[in-house]
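Working notes, structure below.
Just so it is clear, none of the values below were taken in a lab; they were calculated from the coordinates. All figures in this text were calculated on a predicted structure; none of them were measured in a lab. Positions of Cβ are generated from backbone atoms using ideal geometry, with glycine treated the same way; all protein chains shown enter the neighbour counts.
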Amino acid sequence: MIVKRVKVVMIMNKNKNRNSQEKTDLARKVAEQSKKASRVYEKIENVILIVGKYFSIFLDRFIFNKKYSKLVSLLLAILVYGVVNYDSMSKLYTTTLKSSRTIENVSVVAKYNSDTFEVSGLPETANVFVSGDATSVTNAMSTSETSVVADLSGLSEGEYNISLKAEGFGSSVTTVVDPSTVTVTLKKKYTQEFNLSYDYINQNKMDAKYSLSEPTFEFTKVNVRASKDTLSSISFVKALIDVSGQTSDFEQDAKLVAYNSNGELVNADIVPSTVHVSVGVSSPSKSVPIIVKVSGDVPNGKAINSITLDQQTVTIYGSEDTLSNIENVSVSLDASSITQDSSIVRPIILPSGVSTSSISQVTMQVTIANGVSKTIDNVAINYINNVNNYKASQATNKTTTSVTVFGTQDNVDKVSASDIFVYFDMKNAEVGLQTFTLNVEQPSDGLVKYTLNETTYEVTIYSDNDEGVKNE
């Protein structure tokens, strides 16, 4: 037992010596590491000191160098400004960006009893100033369902100053309306009956060869509700019949509108607002000859010898009543511009009421030759417009006159006394001896020109109950 105890004690002493040696070694290693770290820190400190020394030298040379004085001043100024305004600048970047915009021509809507009252003095549009954070203002600008409201509900007949308010812009923005207030008048509405008339609209979008008949209305009278002043300004109520693209009979519901005597629209309630109409569409046409109307004289003693058209007839379109009174259409030719045989293109002149024609122009071949004159005697003197059925007598029984004809030889030779119509106008004739102006009707083809050798004609005018005047 004693031997075992001695062994245990010896082992424990051995372990204690080993632990003591390990602690000594560890302490020595820590001391060595501390020395190494101290040397590293010392080297770093030396490097920093050296860098700081050279940087200080650089700053001295930079700051106190006249060459860089302006740049140094600018940098110092920026630094001072930043320090002084630090709070303001920080707020700018830490708060929400504000914005404001003006929205123009926002529709003005009135809230009132439109069945009972008529409102006047209210503008159609107003401008709205919108302010708030940028996102909210942008959203308000893109919103389509916005309006400016004039709340007249509950008001009776009279004049009022009303505040205008913006609606539909959202609660996140502030709005100001311009104008902010308006003076409006409420007038009581009355009802009056008007006869219907009509206007065709968009006729330029309908083929001109088509003609429109009188429309047939579902009803011919309408009621109009408005104030007494407005009703008194209405001259007529019209149905606006849209004829664009129509080529055959058609029906439609035409919008009704009211006009004043100047043809301006009148804002009123028309009951009903439309009328059903039936319209006949036709295309009456007629083929008529083309004649040339010559004006002026060919220069240098020349005359037109012949005119040949590439088209002799044209088909014209219009109403049947208009076409029934048209026998021909014409083209004009200025002879004073012709100096040689020419090919000339001229537009067709359409009579009033003719909407269009199958051709719009013709080409004419014009030849000229030397002009000659010829006097033709015994041309009968006629009268026109004897509206009072007077009689006429001439003291010397002179009933004919002479006419000089000018043109080319071929054309002059074709003219006889019977081809020439000389006349005087009795429209303003009075009983007694009277002097009239003689006139000669120029030929329609323009190939020759007539000149009267005498221009007055003296005759005695009398009626059936005044035979004595005849014998004076």
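For the range 258-373, a crude dipole built from +1 on the beta carbon of Lys and Arg and -1 on the beta carbon of Asp and Glu, taken about the Cα centre, is about 340 debye to the nearest 20. Computed from the C-beta positions of residue 42 and residue 77 and an R0 of 41 Å, the FRET efficiency is 0.50 to the nearest 0.05. Rounded to the nearest 20, the size of the Cβ-charge dipole of the range 371-471 about its Cα centre is 80 debye, with Lys and Arg at +1 and Asp and Glu at -1. Legend: residue pairs 111/255; 111/187; 209/238; 111/165; 302/449, Cα-Cα distance threshold 22 Å; pairs beyond threshold, 111/255; 209/238. So, R0 is 45 Å and r is the distance between the beta-carbons of residue 336 and residue 278; what FRET efficiency does that work out to, to 0.05? So the FRET efficiency works out to roughly 0.25.
Counting beta carbons within 10 Å around each of 129, 424 and listing the fewest first gives the order 129, 424. The overall shape of the range 371-471, judged from the alpha-carbon gyration tensor, is prolate: a/c is not under 1.5, and a/b is greater than b/c.
Which of 449, 391 has the fewest other C-beta atoms within 10 Å, and how do the rest follow up to the most?
Values: 449 19, 391 16.
So the ranking, lowest neighbour count to highest, is 391, 449.
Modelled spin labels at residue 367 and residue 344, positioned 7 Å past Cα toward Cβ, are 1.7 nm from each other. Spin-label model, residue 98 to residue 321: label points 7 Å out along the Cα-to-beta-carbon direction sit 7.3 nm apart. Annotation: the residues 228, 427, sorted from fewest to most other C-beta atoms within 10 Å of their own C-beta, follow the order 427, 228.
Mind checking the full-extension length gain between residue 141 and residue 265? Use 0.36 nm per residue of separation minus the Cα-Cα distance, one decimal, nm.
Values: separation 124, 0.36 × 124 = 44.64 nm, distance 3.29 nm.
Between residue 141 and residue 265, full extension yields an extra 41.3 nm.
All C-alpha to C-alpha distances of the range 323-377, sorted into 5 Å bins beginning at zero, yield P(r) values of 4, 13, 21, 16, 13, 13, 11, 7, 2, 0 percent in whole numbers.
Give me the extension gain from residue 419 to residue 240: residue separation times 0.36 nm, minus the current Cα-Cα distance, reported in nm with one decimal. Write down the numbers at each step before the final one.
Details: separation 179, 0.36 × 179 = 64.44 nm, distance 5.33 nm.
In short, 59.1 nm is gained.
Close amide-amide hydrogen proximity is noted between residue 438 and 456, 457, each under 5 Å apart and 5 or more residues distant or on a separate chain (H modeled in the peptide plane; Pro and chain starts excluded). Only one residue of 287, 301, 358 has its Cα farthest out toward the positive end of the dipole of the range 285-369, where Lys and Arg carry +1 and Asp and Glu -1 on Cβ, and that residue is 301.
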